[in-house]
Amino acid sequence: MKQAHNPRFDHRELILHDYWPKAAAVLDICTVERNHAGVLFVDGRFVETLSAGRYAFWKGEATAKVVEVDLREQLLDVAGQDIMTADKVSLRLNAVVTYWVVDAHRAVTASESASQALYREVQLALRAVIGSRELDTFLSDKEEVVQELSDLVRSRAEGLGLKVESLGIRDVILPGDMKDLMNRVTEAKKEAEANLIARREETAAMRSQANTAKLLDNNPVLMRLKELEVLEKIASSGQLNVVLGEQGLTDRVLKLL
């Protein structure tokens, strides 16, 4: 098969041809903008990738087409993804991906639209990674989930001529009934934690009292001081009423006082 002739017109003063009245009749002039690349096809065959600048092609020699590709960082919003976890909980997720084109030729030939292809790859990755986890596992270890998603999407993006800079899960939206259930679970956990702390404090107080009682039982002098301390507190309250019912108890109280 005969290879198509390259119809590209090269001239260091290409801009002057804009003022030539017959230029439009014989030349197709195009401009590849700054921070873009132009993928040149001649008769449907890839020829080269053009950097930013002005280019002209002879008309009638062959069919030349330049596909312009933006090389700047792009933001892809993957919103409203309904995904079911391994324990059958439906979630709605919003993810965001930042990427740029590193291979302009591959970006325009590997798929009809590199951004749409990347969008589908992110969708599939979200379903594969999150769908294999239960809700509690996903919520408790989102960093690991995001890392696994990033690795999976990056490997797929390379085949599209793209490089993924970052991927993040922006929002996780739970169904209304699931929100209420999780709120009740959280409330129950907090109440259980509070009860556990209270029981620990009660146990500590009882242990302290038991230690004090043992110490007083083995030390009569300390026991006497403790009795006097209690009587001092009672007497300082303003009024002391003593009701005695056992014979001989009066003498023992008076001795204490």
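Look through Val164, Val146 and report the one residue that is closer than 20 Å to Asp103 by Cβ, surrounded by 13 or more Cβ atoms within 10 Å (Cβ to Cβ) and among the aliphatic types (A, V, I, L, M).
On the way: Val146 fails: closer than 20 Å to Asp103 by Cβ.
Of Val164, Val146, the one residue that is closer than 20 Å to Asp103 by Cβ, surrounded by 13 or more Cβ atoms within 10 Å (Cβ to Cβ) and among the aliphatic types (A, V, I, L, M) is Val164.
In this structure, is Asp151 in a helix (DSSP H, G or I), at pLDDT 65 or above and under 30 Å from Val101 (Cβ atoms)?
Values: in a helix (DSSP H, G or I): yes; at pLDDT 65 or above: yes; under 30 Å from Val101 (Cβ atoms): yes.
It is true that Asp151 is in a helix (DSSP H, G or I), at pLDDT 65 or above and under 30 Å from Val101 (Cβ atoms).
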Filter pass, Ala104 being buried (at least 19 other Cβ atoms within 10 Å of the Cβ), in contact with a Ser or Thr (Cβ under 7 Å, 6 or more places away or on another chain) and within 14 Å of Leu160 (Cβ to Cβ): yes
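Those residues that are small (Gly, Ala, Ser) and not in a strand (DSSP E or B), I need them from the stretch 46-59; list them, please.
Here is the first cut: in the stretch 46-59, the ones small (Gly, Ala, Ser) are 51-53, 56.
Scanning the stretch 46-59 gives Ser51, Ala52.
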From Asp82, Asp87, residue being closer than 27 Å to Ile169 by Cα, in the same structural domain as Asp151 (by TED's automatic domain parsing), of a type in the set (Asp, Glu) and without any contact (Cβ under 8 Å) to a residue 24 or more places away in the chain: Asp82
Criterion violated by Gly159 - all others in (1) under 20 Å from the mean Cα position of the chain (by Cα); (2) under 19 Å from Val78 (Cβ atoms); (3) at pLDDT 90 or above; (4) not aromatic (Phe, Trp, Tyr) satisfied: (1)
Any hit, the stretch 72-81, residues being loosely packed, with under 14 Cβ neighbours inside 10 Å and touching a Phe, Trp or Tyr at 6+ places or on another chain (Cβ under 8 Å): yes
Any hit, the stretch 137-144, residues being within 13 Å of Lys163 (Cα to Cα) and in contact (Cβ under 8 Å) with a residue 24 or more places away in the chain: no
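The values are calculated or read from the model by the stated rules, or taken from the named source; none is laboratory data. All values reported here derive from a predicted model rather than from experimental measurement. Because the Cβ atoms are built from the backbone with ideal geometry, glycine has one as well, and the counts that use them run over all protein chains shown.
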